[in-house]
Each structure stands twice: as structure tokens, then as C-alpha cells.
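The values are calculated or read from the model by the stated rules, or taken from the named source; none is laboratory data. Source: prediction; values computed, not measured. Cβ placement follows ideal geometry from the backbone for every residue including glycine, while neighbour counts extend to all protein chains displayed.
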Amino acid sequence: TQLLEQSPQFLSIQEGENLTVYCNSSSVFSSLQWYRQEPGEGPVLLVTVVTGGEVKKLKRLTFQFGDARKDSSLHITAAQPGDTGLYLCAGSARGSARQLTFGSGTQLTVLP
Amino acid sequence: NAGVTQTPKFRVLKTGQSMTLLCAQDMNHEYMYWYRQDPGMGLRLIHYSVGEGTTAKGEVPDGYNVSRLKKQNFLLGLESAAPSQTSVYFCASSYSAETQYFGPGTRLLVL
């Protein structure tokens with residue numbers, strides 16, 4: 001069974017601060033995705049990274065895939081209250097019939 | 001397009017009762033999935049389907065059954081509900097593993 005561990009589980013910061021969320025595994029993934037989920041809604045895809053060492057930027061969000069494709073990080077610059085939500089990483093392994101393994105999530109609260 | 005829709009949005013069951021959750025997608029996706037989400041445990045795959053008429057077990061299939069009689073619909077059944085099945089259930093569909101589109105969820109409480 002492939003596992004994805006996210007840290008921290010909870011994060012509460014002030015508006016304007018920077019933060020990093022981590023997603024780690026002992027398994028290799030062919031791709032890794034980050035989702036954001038707001039209360040009462042389903043997760044929404046933010047980004048997919050597929051190449052070891054890949055860095056993708058989405059406005060104030062920077063996503064990195066580890067060189068060995070076992071870990072990933074999400075960095076948010078100058079967090080805003082609108083960034084509040086549950087951030088989930090999910091990995092896809094080769095030969096997995098398009099199944100995703102999800103991490104347990106990081107609940108981010110950005111205080112105004 | 002409505003995307004992925006789920007019915008009902010909320011349900012309360014007594015132990016031993018049965019129910020069916022309906023998921024519908026209008027994106028012509030081949031792949032559909034049922035997950036459950038519990039606090040501190042992320043999303044866990046219950047069953048999935050790679051096309052009309054096919055189903056397969058995921059990580060936590062016990063106590064659930066599924067059917068995919070039409071491409072656009074994926075049904076999740078609980079034959080005899082247990083309190084351990086209290087959870088939020090999400091359906092998703094995709095044409096590739098790189099993007100899964102999720103429904104709004106069904107909140108189920110089993111007393």
C-alpha cells in the first residue's frame with residue numbers, strides 16, 4: 001500500500017505570511033497532484049507535476065516535485081484569507097489503473 | 001455543463017438500513033470513482049470503474065457495492081448500514097489520472 005504523509009496537519013497563520021506544506025512518501029509516483037477543498041465542497045485540482053525536480057507556479061503558489069518523485073511541497077507567498085482551505089496531495093503510480101492515493105491533508109487557516 | 005452531481009446531499013440512516021448514492025457526470029468520462037472522507041484520513045478509494053459495465057475494488061470496499069450500468073452514472077450501495085460508515089462520500093470522474101473532477105459530496109450519518 002502506498003502512503004502519502006502530509007505535514008503539518010493544521011496550520012494557522014496571519015495574512016501576509018509565507019508557508020510551506022509537505023507531502024512525503026517512500027513510494028515513487030509517476031505524477032503528483034495538489035487539490036484544495038473548501039467546506040461543503042469537493043476537492044478542486046490546483047496543479048499536476050510529472051517530472052522529478054519540476055517546479056510549477058500558480059500566482060502566489062509554488063509547487064515542487066522531488067527529484068526522486070517521492071515527495072512534493074507547496075509554498076504560498078503572502079497568504080491571504082482566500083487561501084484558507086484543506087490542501088490535499090495525491091499521487092498516481094504507474095500501472096495503477098488511474099487510481100490516486102491521497103494524503104491526509106493540511107488544514108490551512110489564514111487570519112485577516 | 002453540470003459536471004459531477006451527487007444525490008442525496010445529506011442522509012440519516014439507522015443501523016441495518018440500506019440506501020443507494022447516485023453519481024452522475026455529463027463530461028463523457030470513462031473513469032469514475034467513489035471515495036469516503038473521514039477526519040484526519042484524507043480520501044480513501046472505495047470502488048472505481050474504468051468504463052460502462054465494469055467495476056473494481058479500491059482500498060476500503062467492504063460493506064459497499066457499486067454498479068455502472070450507464071456511462072454517465074455510478075451508483076454506490078450500502079446493503080446494511082453500520083455506524084462505521086458515517087462519513088462524507090465523494091464521487092469523481094476523469095478521462096486520465098491527471099485530473100479528477102469531484103462532486104459536492106453526500107454526508108451520511110448512520111445511527
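Brief remarks on what is shown
- Residue in the range B:30-40 that is away from chain A (no Cβ under 14 Å) and either under 11 Å from the mean Cα position of the chain (by Cα) or surrounded by fewer than 17 Cβ atoms within 10 Å (Cβ to Cβ) (or both) present: no
- Number of residues in the range A:11-52 that are more than 10 Å from chain B (Cβ to nearest Cβ), polar (S, T, N, Q) and within 29 Å of A:Leu111 (Cα to Cα): the value is 5.
- Across the range B:47-60, the qualifying residues are those that are touching a Lys or Arg at 6+ places or on another chain (Cβ under 6 Å) and under 19 Å from A:Gly91 (Cβ atoms), and the one among them that is farthest from the other protein chains (Cβ to nearest Cβ) is B:Val60.
- Considering residues of the range A:58-101 that are buried (at least 19 other Cβ atoms within 10 Å of the Cβ) and among the β-branched types (Val, Ile, Thr) only, the residue farthest from the other protein chains (Cβ to nearest Cβ): A:Ile76
- Test: residue in the range A:88-95 that is without any contact (Cβ under 8 Å) to a residue 12 or more places away in the chain and outside any strand (DSSP E or B): yes
- When the residues of the range B:80-97 are filtered to those that are at pLDDT below 95 and surrounded by fewer than 16 Cβ atoms within 10 Å (Cβ to Cβ), the one that is farthest from the other protein chains (Cβ to nearest Cβ) is B:Tyr95.
- Flag for B:Gly63 being touching a helix residue (DSSP H, G or I) at 6+ places or on another chain (Cβ under 8 Å), part of a loop (DSSP other than H, G, I, E, B) and either surrounded by fewer than 20 Cβ atoms within 10 Å (Cβ to Cβ) or more than 9 Å from chain A (Cβ to nearest Cβ) (or both): yes
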